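Student: So that we are looking at the same thing, I have put the structure below in structure tokens.
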Amino acid sequence: MASDSMFMKITLMVFELSLVGIYGAFGFLKTFRTQKAQEQMPWARDRSERFVRFVGISELCGVLGILMVMVTGRFPWLAILAAIGFTLIQILAIFTEHLPKKEYKVLPFNVMLLAFSIFVLASYV
């Protein structure tokens, strides 16, 4: 039984660190290098700089929420809010951007991020 619990803790940490790394990198790009993000990401070309920056700031807030819980071991509601936010970001990305524009190549990455977010959410709820 103890090994199952340890396995779940390690798995959760791996998923959380993956979300922190991925959303941290993309959030930084969208927030602080918005024009570069618009050049590199097809969906961002159709959006205003403010919108792209808003998405980036939202992602960075989620990163901070998960990091706070990982570092302090307190305030698990922050991880819950972050996971809900990441889940919403991916659902919106998939259904309002990538599917309508037939950008099927990016869908596996979005689905992976969605699955990681749902796993983290389920671990805290």
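Student: Where does the charge balance sit around residue 38 when Lys and Arg score +1, Asp and Glu -1, over other residues with C-beta under 11 Å from its C-beta? Could the numbers behind the result be given before it?
Tutor: Values: positive: 30, 33, 36, 45, 47, 53; negative: 39, 46, 49.
Net of charged neighbours comes to +3.
Student: If you plug each phi of the stretch 22-32 into the Karplus form 6.51 cos²θ - 1.76 cosθ + 1.60 with θ = phi - 60°, what whole-Hz ³J(HN,Hα) values come out, in order, with x for Gly and Pro?
Tutor: 5, 5, x, 5, 5, x, 4, 4, 5, 7, 9
Student: Using +1 at the C-beta of Lys and Arg and -1 at the C-beta of Asp and Glu, which of 112, 95, 13 has the Cα lying farthest in the positive direction of the dipole of the chain?
Tutor: Of the listed residues, the answer is 95.
Student: A further question on this structure: Considering only DSSP states other than H, G, I, E and B, which trypsin sites (Lys or Arg not before Pro) in the stretch 19-125 qualify as loop sites with at most 12 other Cβ atoms within 10 Å?
Tutor: Taking the stretch 19-125 and a limit of 12 other Cβ atoms within 10 Å, the loop trypsin sites (Lys or Arg not before Pro) found are 74, 101, 102.
Student: Between residue 17 and residue 91, what length comes free when the chain is fully extended (0.36 nm per residue of separation minus the Cα-Cα distance, one decimal in nm)?
Tutor: 24.6 nm
Student: What's the magnitude of the charge dipole for the chain around its Cα centre, counting Lys and Arg as +1 and Asp and Glu as -1 at the beta-carbon? Answer in Debye, nearest 20.
Tutor: Dipole about the Cα centre, nearest 20: 320 debye.
Student: Explain nothing, just compute: Karplus ³J(HN,Hα) = 6.51 cos²θ - 1.76 cosθ + 1.60, θ = phi - 60°, for every residue of the stretch 108-124 in order, whole Hz, x for Gly and Pro.
Tutor: Result, ordered by residue: x, 5, 5, 5, 4, 4, 4, 5, 4, 5, 5, 4, 4, 4, 5, 6, 9 Hz.
Student: While we're looking at this one, here's another question. Quick one: accessible area per residue over the stretch 21-64, 1.4 Å probe, rounded to a whole number of Å²? Write out the running numbers ahead of the final one.
Tutor: Working: 2610 Å² over 44 residues.
Result: 59 Å² per residue.
Student: Within the accessible area of the chain, what % is carbon and sulfur when the probe is 1.4 Å and the other protein chains stay in place? Let's see the in-between values first.
Tutor: Details: 5540 of 7690 Å².
Of all accessible area on the chain, carbon and sulfur atoms account for 72 percent.
Student: Right, next: I'd like to know how the chain sits against the 2.2 N^0.38 Å rule of thumb: what's its Cα Rg over that expected value?
Tutor: Details: Rg = 15.2 Å, N = 125, 2.2 N^0.38 = 13.8 Å.
Working it through for the chain, the quotient is 1.11.
Student: While we're here: Return a whole-number percent for the relative contact order of the chain, with Cα pairs under 8 Å and 6 or more residues apart as the contact set.
Tutor: Dividing the mean separation by the residue count of the chain yields 26 percent.
Student: What figure in square angstrom, to the nearest 10, would you give for the accessible area of residue 63 with a 1.4 Å probe?
Tutor: 10
The values are calculated or read from the model by the stated rules, or taken from the named source; none is laboratory data. Just so it is clear, the model here is predicted, and its values are computed rather than measured. With ideal geometry, Cβ positions are generated from the backbone for all residues, glycine too; neighbour counts draw on all protein chains shown. Surface accessibility is based on the protein's heavy atoms, side chains included, excluding ligands, DNA and RNA. Shrake-Rupley method; radii C 1.70, N 1.55, O 1.52, S 1.80 Å.
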